[in-house]
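What follows is one structure encoded as structure tokens, with my remarks underneath.
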Amino acid sequence: MVAGHYTATEKEIASLRQLADALESIGPKAKVKVDHTCIQKAQARPGKPKEVFVACNGGRWKNGIWLKVPNEGRGIGTDSAGRIISGVWKADTLTTGLRSDTSGIYRGLFSAGLDAHGHGTYTRHNGTYYEGHWKGDSRNGFGFSVDSERLRAGEWQADVYRGERLNYTSERIYGIDISRYQHGRGRRYYPIHWGKLRITDLGRISTKKISGTVDYPVSFIYIKSTEGTSIRNRYYRADYLQARKHGIHCGAYHFFSTRSTAQAQARHFIRNSCFRSGDLPPVLDVEPTERQIAAMGGIDKLFASVRTWMNIVRRHTGVRPILYVSQSFVNKHLNRAPDIKKNYNIWIARYGEYKPDIKLVYWQLCPDGRVDGIHGEVDINVFNGYHEQFDRFLKKELIK
């Protein structure tokens with residue numbers, strides 16, 4: 001579908017270039033009048049007579065006579081909303097055609113009630129394009145859309161883009177993130193058996209499309225190091241050394257606090273974390289409530305603190321830190337910081353069946369996964385790409 005749209009767009013661009021060339025060839029003193037007439041017409045099959053009826057009031061006009069007969073063949077008419085429709089009728093039902101409204105043009109299949117239903121395309125006057133499945137005049141099912149800012153491919157429901165539904169297979173790159181809680185809560189201690197690590201369950205909190213058996217290696221791991229300006233994970237260093245010993249790409253993350261300065265938090269993180277050659281870029285975990293954001297002075301103040309932390313840690317490690325946020329935070333706030341969105345890799349927590357609708361590097365797909373060698377539930381993450389993309393990411397982003 002995308003390739004077909006690209007080809008059609010290239011043809012339109014070529015046509016416009018021809019028109020532009022013709023206009024540029026006109027002399028400066030020439031008098032020119034340009035008329036642009038758009039004619040709505042029914043599609044005609046090659047080699048068939050081009051007879052067209054006009055649908056009207058439950059019948060049709062043909063050769064100056066109104067006939068109360070089922071519509072059959074090529075015709076033109078209007079629906080109950082006054083939108084002009086042209087296309088091919090069969091047994092009084094429009095099977096395929098074209099419909100124009102004040103916003104754009106739909107081309108495709110229709111229901112008996114003249115709703116867009118089945119496969120079709122919609123081109124808005126501003127150039128926005130959608131191709132995919134329709135139901136009840138709404139985008140519903142798989143499709144793709146493209147506008148001046150982005151291309152989206154995935155699932156729509158009731159005209160709302162839900163995202164790409166991933167198929168989880170052994171070809172994808174999976175990882176985990178851990179903290180002290182993977183060693184137990186309270187007085188009970190549980191060791192991590194590093195030589196046995198295998199992801200065996202992707203959680204039950206959401207529906208997932210899985211091909212084959214869930215039995216994936218842990219390709220990367222992030223370990224919580226610090227929080228705020230005083231909290232440290234007492235298991236961080238031991239877990240970090242074990243991860244490196246077992247050949248797992250690892251990195252450290254800091255849990256951001258709205259109660260202390262970004263400078264103090266960055267210093268606390270740097271002082272208590274390891275940054276060796278070959279380590280993954282550090283992560284800033286930002287999960288404030290709306291009340292906490294308001295208490296620290298608002299979202300702009302929060303983003304100013306995020307920038308400060310990122311800049312300090314970047315100068316110290318030589319690599320860009322990654323920002324970890326939730327999908328709801330992205331929806332509500334991230335557009336207020338386009339520089340962060342553009343200049344830093346994003347890691348998103350979204351516990352649903354659809355991939356987040358944003359450029360990202362990791363997706364935390366569940367908080368209740370299972371990993372052989374670790375007691376209890378574990379956060380499971382997937383890299384946004386396959387082995388080739390992961391290798392490029394490592395080459396570019398690892399600490400040197």
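The values are calculated or read from the model by the stated rules, or taken from the named source; none is laboratory data. Because the structure is a prediction, the values reported are computed rather than measured. FYI the Cβ positions are ideal-geometry reconstructions off the backbone, even for glycines, and counts take in every protein chain you see.
Summary table
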{"item": "S206 being in contact with a Gly (Cβ under 6 Å, 6 or more places away or on another chain), within 24 Å of A349 (Cα to Cα) and either among the polar types (S, T, N, Q) or buried (at least 17 other Cβ atoms within 10 Å of the Cβ) (or both)", "result": "yes"}
{"item": "Helices (runs of 4 or more DSSP H) wholly inside region 313-397 that include at least 3 residues being surrounded by fewer than 18 Cβ atoms within 10 Å (Cβ to Cβ) and of a type in the set (D, E)", "result": "387-397"}
{"item": "Filtered residue count, region 214-235, keeping only those that are closer than 23 Å to G247 by Cβ and part of a loop (DSSP other than H, G, I, E, B)", "result": "7"}
{"item": "Condition check for D391: of a type in the set (D, E, K, R), touching a residue at least 12 places away in the same chain (Cβ under 8 Å) and on the phi < 0 side of the Ramachandran plot", "result": "no"}
{"item": "Residue in region 99-113 that is at pLDDT below 90 and loosely packed, with under 15 Cβ neighbours inside 10 Å present", "result": "yes"}
{"item": "Subset of region 277-292 [surrounded by fewer than 18 Cβ atoms within 10 Å (Cβ to Cβ) and over 18 Å from F393 (Cβ atoms)]", "result": "E287, T289, E290, R291, Q292"}
{"item": "Residue in region 15-25 that is surrounded by 10 or more Cβ atoms within 10 Å (Cβ to Cβ), modelled with pLDDT of 85 or more and small (G, A, S) present", "result": "no"}
